[in-house]
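Trainee: First the structure, then my questions, so here it is.
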Amino acid sequence: MTGNIISSEKQAFFEKQGYLIMPRMFDEDRFQLMRAIAEEELHQKAPPLEYEVDVNYPGAPINQGSAGARTARRILQAVSRHPQVLAVATDSKMCGVIKALLKSENGLMLSQNHHNCIMTKDYRFSSDTLWHQDIRYWSFLQDNLISAWIALGPEHGSNGGLKVLPGSHLKTYSLDCFDTDLFFRTDLEKNEKILRGELQVTLNPGDVFLFHSRLLHSANRNRSNETKLSFVFTYHDKANAPLEGSRSAKLPSIEVG
Ligand SMILES: O=C(O)CCC(=O)C(=O)O
C-alpha cells in the first residue's frame, strides 16, 4: 500500500496502463448534490463557456448560424462557480489517491487552467473528440499530471464516453503521427495499427476515472437520448510548476494536499 490510500496493485495498474477507475467515490447524497449543481449550471449557462461551435471537431456546427451552435460543451472555471464544486475537486479521499499515484511529495496542486470544467455532451448536438494527449497544449516542467473525470451519469460508447489507448502515456510518438492541431492521425497505417488497442471506458454514476496527461484518448459524439455530464479536474505536484507566461500559469494552482 502507498500510505494505505491505494493498493500497490492499483498503483502498478495505473503506472502501466495510464488510467484507473475508482468506483463510486462519493456517497449518494453527495452525488445527487453534484448532479443537481451541474444541471443548474447547464441551465444557467453563465460564462465562461465553450460552445459546440467553438470546438471545430467533426460533427460540430460550422458557424454561429448553424443549428446547435450555442450548445454548451465545456462549462469552464467550475471550481469558482460553487463552493460544493470546489469541495469535490479538493475531496481528501480523491486527492489522496491522486497524490499517491503521482508520488507527489511536495504538495498536490489543482490547476485552475486545465479542464476545471463541467464537461457536457448534448444528446441533440455534439461532436467527436479526436485522439489526443491532453499535455499537447499544456506547459509544465514535466509531462506528469493526472486528471480526474467524475461521471455524473452513466458513460459508455453510445453517449460519447471516453476511449483510451492503454499504455500510450509511456510511448513516444514522432511528430508526423499528429496533425497540425496535434490530434493523433487516423489516416496513417502505422497509427491505425496502434489504435487497434483502443479501449472503450464504461463508467457508472459517481465513478472517478483517473488518467495521465500523456494518455491518448478520444470520444465519439453522444448518440443517446440524454445529455451526458461530468466534472473534470487536473492535478500536478507542486514542484512540477507551470511554465511562467504560459496558459498553464494564467491562474494560480490551488494546494489541495
Ligand atoms: O468528452 C469528450 O469528448 C472528450 C473530451 C476530452 O478528451 C478533453 O477535453 O480532453
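Trainee: Among the residues of the range 95-125, write down those that are over 18 Å from the mean Cα position of the chain (by Cα) and hydrophobic (A, V, I, L, M, F, W, C).
Mentor: Once the filter is applied, which keeps residues that are over 18 Å from the mean Cα position of the chain (by Cα) and hydrophobic (A, V, I, L, M, F, W, C), the range 95-125 yields 100, 125.
Trainee: I need a count of the residues in the range 67-124 that are among the small types (Gly, Ala, Ser) and out of contact with any strand residue (DSSP E or B) (no Cβ under 6 Å at 6 or more places or on another chain).
Mentor: Summing the residues that are among the small types (Gly, Ala, Ser) and out of contact with any strand residue (DSSP E or B) (no Cβ under 6 Å at 6 or more places or on another chain) in the range 67-124 gives 7.
Trainee: Where the second residue is aliphatic (A, V, I, L, M) and assigned to a strand (DSSP E or B) and the first is under 13 Å from residue 130 (Cα atoms) and lies in the range 178-201, which pairs have Cβ atoms under 7 Å and are six or more apart or on separate chains?
Mentor: What qualifies is 183/130.
Trainee: If you go through the range 208-231, how many residues are closer than 25 Å to residue 103 by Cα and buried (at least 20 other Cβ atoms within 10 Å of the Cβ)?
Mentor: Qualifying residue count, the range 208-231: 10.
Trainee: Taking the conditions exactly as written (outside any loop (DSSP other than H, G, I, E, B) and closer than 24 Å to residue 184 by Cβ), does residue 150 satisfy them or not?
Mentor: no
Trainee: List the pairs whose first member sits in the range 231-257 and is more than 10 Å from residue 138 (Cβ to Cβ), whose second member is basic (Lys, Arg), and whose Cβ atoms are under 6 Å apart, counting only residues at least 6 apart or on separate chains?
Mentor: Final answer for the pair search is 257/99.
Trainee: Kindly evaluate residue 195 against the criterion of being out of contact with any Lys or Arg (no Cβ under 8 Å at 6 or more places or on another chain) and either under 19 Å from residue 171 (Cβ atoms) or modelled with pLDDT under 95 (or both).
Mentor: yes
The values are calculated or read from the model by the stated rules, or taken from the named source; none is laboratory data. As the structure is a prediction and not an experimental result, all values here were calculated from the model. Neighbour counts are summed over all protein chains in view; Cβ atoms, including those assigned to glycine, are modelled from backbone coordinates with ideal geometry.
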